[in-house]
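S.K.: Structure below; questions to follow.
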Amino acid sequence: MAVLFTSDTHFGDHRTLNIHKRPFGSVAEMDEALIAAWNAAVGPGDEVWHLGDFARKGEAAEGLLARLQGRKHLLRGNNDPPETAAAAGWAGVGDYAELEQDGRRLVLCHYPFRSWNGQHRGAINLHGHSHGRLKPLPRQFDVGVDLRDWRPVTLATILEA
(Lines give C-alpha, C1' and ligand atoms only; values in the text may rest on other atoms or scores of the structure.)
Protein backbone atom coordinates (compact mmCIF):
# COMPACT_ATOMS: atom_id res chain seq x y z
CA MET A 1 0.00 0.00 0.00
CA ALA A 2 1.31 3.42 -0.97
CA VAL A 3 0.37 6.72 0.64
CA LEU A 4 -0.05 9.61 -1.78
CA PHE A 5 -0.81 13.31 -1.52
CA THR A 6 -2.61 15.79 -3.76
CA SER A 7 -4.72 18.93 -3.72
CA ASP A 8 -6.51 21.48 -5.84
CA THR A 9 -8.13 19.18 -8.38
CA HIS A 10 -11.03 21.65 -8.62
CA PHE A 11 -13.18 19.12 -10.47
CA GLY A 12 -15.93 20.86 -12.43
CA ASP A 13 -14.50 24.33 -11.87
CA HIS A 14 -14.25 26.41 -15.05
CA ARG A 15 -12.31 29.11 -13.21
CA THR A 16 -9.18 26.96 -12.96
CA LEU A 17 -8.88 26.82 -16.74
CA ASN A 18 -8.32 30.57 -16.89
CA ILE A 19 -7.02 31.63 -13.50
CA HIS A 20 -4.40 28.89 -13.31
CA LYS A 21 -3.92 28.44 -17.07
CA ARG A 22 -4.58 24.72 -17.11
CA PRO A 23 -3.88 23.16 -20.52
CA PHE A 24 -7.32 21.71 -21.16
CA GLY A 25 -9.88 22.75 -23.76
CA SER A 26 -12.87 22.31 -21.45
CA VAL A 27 -13.87 21.44 -17.90
CA ALA A 28 -15.00 17.99 -19.06
CA GLU A 29 -11.59 17.37 -20.64
CA MET A 30 -9.85 18.55 -17.47
CA ASP A 31 -11.98 16.32 -15.24
CA GLU A 32 -11.39 13.23 -17.38
CA ALA A 33 -7.63 13.92 -17.52
CA LEU A 34 -7.48 14.34 -13.74
CA ILE A 35 -9.41 11.10 -13.17
CA ALA A 36 -7.18 9.19 -15.60
CA ALA A 37 -3.98 10.58 -14.04
CA TRP A 38 -5.26 9.79 -10.51
CA ASN A 39 -6.13 6.20 -11.40
CA ALA A 40 -2.80 5.70 -13.20
CA ALA A 41 -0.95 6.71 -10.01
CA VAL A 42 -3.23 5.23 -7.34
CA GLY A 43 -4.04 1.57 -6.84
CA PRO A 44 -7.20 0.26 -5.17
CA GLY A 45 -5.31 -0.44 -1.92
CA ASP A 46 -3.48 2.88 -1.77
CA GLU A 47 -4.30 5.76 0.57
CA VAL A 48 -4.69 9.31 -0.75
CA TRP A 49 -4.71 12.52 1.26
CA HIS A 50 -6.47 15.24 -0.72
CA LEU A 51 -5.49 18.59 0.80
CA GLY A 52 -8.51 20.56 -0.30
CA ASP A 53 -10.35 22.16 -3.19
CA PHE A 54 -11.65 18.85 -4.48
CA ALA A 55 -14.68 19.91 -6.55
CA ARG A 56 -16.60 23.07 -7.40
CA LYS A 57 -20.03 21.53 -6.74
CA GLY A 58 -20.55 19.39 -3.67
CA GLU A 59 -23.28 17.35 -5.30
CA ALA A 60 -20.73 16.05 -7.84
CA ALA A 61 -18.28 14.82 -5.19
CA GLU A 62 -19.82 11.41 -4.54
CA GLY A 63 -19.83 10.45 -8.22
CA LEU A 64 -16.25 11.62 -8.62
CA LEU A 65 -15.09 9.74 -5.52
CA ALA A 66 -16.63 6.54 -6.88
CA ARG A 67 -14.49 6.88 -10.01
CA LEU A 68 -11.21 7.48 -8.13
CA GLN A 69 -9.14 4.58 -6.81
CA GLY A 70 -7.81 4.33 -3.29
CA ARG A 71 -8.92 5.10 0.24
CA LYS A 72 -9.44 8.86 0.25
CA HIS A 73 -9.12 11.46 3.03
CA LEU A 74 -10.11 15.11 2.63
CA LEU A 75 -8.62 18.07 4.42
CA ARG A 76 -11.05 20.82 3.47
CA GLY A 77 -10.00 23.76 1.34
CA ASN A 78 -11.58 27.17 0.88
CA ASN A 79 -13.47 25.98 -2.22
CA ASP A 80 -14.94 22.81 -0.71
CA PRO A 81 -18.65 23.27 0.01
CA PRO A 82 -20.20 21.35 2.94
CA GLU A 83 -21.70 18.81 0.52
CA THR A 84 -18.20 17.79 -0.61
CA ALA A 85 -17.15 16.94 2.93
CA ALA A 86 -20.44 15.10 3.54
CA ALA A 87 -20.16 12.97 0.38
CA ALA A 88 -19.96 9.20 0.75
CA GLY A 89 -16.55 7.95 -0.28
CA TRP A 90 -14.24 9.76 2.12
CA ALA A 91 -12.43 7.63 4.70
CA GLY A 92 -12.08 10.77 6.78
CA VAL A 93 -12.63 14.52 6.60
CA GLY A 94 -10.93 17.26 8.58
CA ASP A 95 -9.06 20.53 8.34
CA TYR A 96 -5.61 19.50 9.57
CA ALA A 97 -3.68 16.28 10.14
CA GLU A 98 -0.32 15.12 11.40
CA LEU A 99 1.10 11.73 10.50
CA GLU A 100 4.30 9.74 10.26
CA GLN A 101 5.39 8.60 6.81
CA ASP A 102 8.70 6.92 6.00
CA GLY A 103 10.11 7.99 9.38
CA ARG A 104 9.17 11.63 8.85
CA ARG A 105 6.60 13.76 10.64
CA LEU A 106 4.15 15.39 8.22
CA VAL A 107 1.89 18.34 8.92
CA LEU A 108 -0.95 18.46 6.38
CA CYS A 109 -3.38 21.28 5.64
CA HIS A 110 -4.88 22.96 2.60
CA TYR A 111 -3.09 26.18 3.52
CA PRO A 112 0.68 26.66 3.65
CA PHE A 113 1.94 27.63 7.07
CA ARG A 114 4.50 30.24 7.99
CA SER A 115 5.45 27.92 10.85
CA TRP A 116 4.15 24.48 11.84
CA ASN A 117 4.40 21.93 14.61
CA GLY A 118 7.86 20.35 14.64
CA GLN A 119 9.21 22.67 11.95
CA HIS A 120 12.55 23.07 13.71
CA ARG A 121 12.75 19.34 14.43
CA GLY A 122 12.51 18.28 10.77
CA ALA A 123 8.74 18.09 10.29
CA ILE A 124 7.49 18.62 6.74
CA ASN A 125 4.50 20.79 5.78
CA LEU A 126 2.47 19.52 2.82
CA HIS A 127 -0.17 21.92 1.50
CA GLY A 128 -2.17 23.06 -1.48
CA HIS A 129 -3.98 26.35 -2.12
CA SER A 130 -1.18 28.29 -3.82
CA HIS A 131 -1.09 26.49 -7.21
CA GLY A 132 2.70 26.77 -7.25
CA ARG A 133 2.74 30.54 -6.82
CA LEU A 134 4.18 30.65 -3.32
CA LYS A 135 7.90 30.43 -2.60
CA PRO A 136 8.17 27.57 -0.10
CA LEU A 137 10.02 27.55 3.17
CA PRO A 138 12.50 24.73 3.80
CA ARG A 139 10.66 21.38 4.22
CA GLN A 140 7.44 22.87 2.82
CA PHE A 141 5.88 21.42 -0.34
CA ASP A 142 2.86 22.28 -2.47
CA VAL A 143 1.21 18.99 -3.51
CA GLY A 144 -1.30 20.60 -5.89
CA VAL A 145 -1.99 18.87 -9.20
CA ASP A 146 -0.80 21.93 -11.13
CA LEU A 147 2.77 21.08 -10.03
CA ARG A 148 2.51 17.29 -9.93
CA ASP A 149 1.56 16.16 -13.45
CA TRP A 150 -2.14 16.30 -12.51
CA ARG A 151 -1.88 13.32 -10.14
CA PRO A 152 -1.35 12.31 -6.51
CA VAL A 153 2.29 11.67 -5.59
CA THR A 154 4.21 9.83 -2.90
CA LEU A 155 6.37 11.51 -0.30
CA ALA A 156 9.47 10.08 -2.02
CA THR A 157 8.46 11.80 -5.27
CA ILE A 158 7.83 15.07 -3.45
CA LEU A 159 11.24 14.97 -1.76
CA GLU A 160 13.05 14.14 -5.03
CA ALA A 161 11.94 17.39 -6.67
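The values are calculated or read from the model by the stated rules, or taken from the named source; none is laboratory data. Note that the structure is a prediction, hence the values are computed from the model and not measured. All Cβ positions, even for glycine, are placed from backbone atoms using ideal geometry, and neighbour counts span all protein chains on display.
S.K.: Based on this model, can you work out whether Arg56 counts as buried (at least 18 other Cβ atoms within 10 Å of the Cβ), closer than 22 Å to Ser130 by Cα, in contact with a helix residue (DSSP H, G or I) (Cβ under 6 Å, 6 or more places away or on another chain) and charged (D, E, K, R)?
M.R.: Taking the combined requirement at face value, the residue does not satisfy it.
S.K.: Taking Leu108 as the residue in question, decide whether it is touching a Lys or Arg at 6+ places or on another chain (Cβ under 8 Å), at negative phi, surrounded by 12 or more Cβ atoms within 10 Å (Cβ to Cβ) and not polar (S, T, N, Q).
M.R.: On the way: touching a Lys or Arg at 6+ places or on another chain (Cβ under 8 Å): no; at negative phi: yes; surrounded by 12 or more Cβ atoms within 10 Å (Cβ to Cβ): yes; not polar (S, T, N, Q): yes.
No.
S.K.: Could you list, in sequence order, all residues of region 2-34 that are more than 14 Å from Lys57 (Cβ to Cβ), among the basic types (Lys, Arg) and surrounded by fewer than 17 Cβ atoms within 10 Å (Cβ to Cβ)?
M.R.: Matches in region 2-34: Lys21 only.
S.K.: Further question on the same structure: Here are some conditions: (1) modelled with pLDDT of 95 or more; (2) in a loop (DSSP other than H, G, I, E, B); (3) among the charged types (D, E, K, R); (4) over 25 Å from Asp31 (Cα atoms). Arg105 meets all but one. Which one does it not meet?
M.R.: (2)
S.K.: Which of the numbered conditions does Gly92 fail, given that it passes all the others? Conditions: (1) under 29 Å from Glu32 (Cβ atoms); (2) surrounded by 12 or more Cβ atoms within 10 Å (Cβ to Cβ); (3) at pLDDT 95 or above; (4) not hydroxyl-bearing (Ser, Thr, Tyr).
M.R.: For Gly92, the exception is condition (2).
S.K.: Please state which of the following conditions Asn79 fails to meet, knowing it meets all the rest: (1) touching a residue at least 40 places away in the same chain (Cβ under 8 Å); (2) in contact with a His (Cβ under 9 Å, 6 or more places away or on another chain); (3) not in a loop (DSSP other than H, G, I, E, B).
M.R.: Result: Asn79 fails condition (3) only.
S.K.: So if I check each of Ala91, Ala87, which one is out of contact with any helix residue (DSSP H, G or I) (no Cβ under 8 Å at 6 or more places or on another chain), free of Cβ contacts under 8 Å to residues at least 60 places away in the same chain, more than 24 Å from Asp149 (Cα to Cα) and of a type in the set (A, V, I, L, M, F, W, C)?
M.R.: Ala91 is the lone residue from the list that is out of contact with any helix residue (DSSP H, G or I) (no Cβ under 8 Å at 6 or more places or on another chain), free of Cβ contacts under 8 Å to residues at least 60 places away in the same chain, more than 24 Å from Asp149 (Cα to Cα) and of a type in the set (A, V, I, L, M, F, W, C).
S.K.: Still on this structure, I have one more. Do you know which residues across region 117-158 are outside any strand (DSSP E or B) and of a type in the set (Asp, Glu)?
M.R.: Asp146, Asp149 - these are the residues of region 117-158 that are outside any strand (DSSP E or B) and of a type in the set (Asp, Glu).
S.K.: Which one is nearest to Val153 (Cα to Cα), of the residues in region 14-50 that are assigned to a loop (DSSP other than H, G, I, E, B) and within 15 Å of the chain's Cα centre (by Cα)?
M.R.: Of everything passing the filter in region 14-50, Val42 is nearest to Val153 (Cα to Cα).
S.K.: Answer yes if at least one residue in region 106-127 is out of contact with any strand residue (DSSP E or B) (no Cβ under 9 Å at 6 or more places or on another chain) and within 20 Å of Val3 (Cα to Cα), and no otherwise.
M.R.: Looking through region 106-127, none of the residues is out of contact with any strand residue (DSSP E or B) (no Cβ under 9 Å at 6 or more places or on another chain) and within 20 Å of Val3 (Cα to Cα).
S.K.: Condition test on Phe54, is it closer than 24 Å to Glu98 by Cβ and aromatic (Phe, Trp, Tyr)?
M.R.: Here the answer is yes, as Phe54 does meet what is asked.
S.K.: Could you please find all residues in region 51-76 being assigned to a loop (DSSP other than H, G, I, E, B), of a type outside the set (D, E, K, R) and touching a strand residue (DSSP E or B) at 6+ places or on another chain (Cβ under 7 Å)?
M.R.: Selection gives Leu51, Gly52, Phe54, Gly70.
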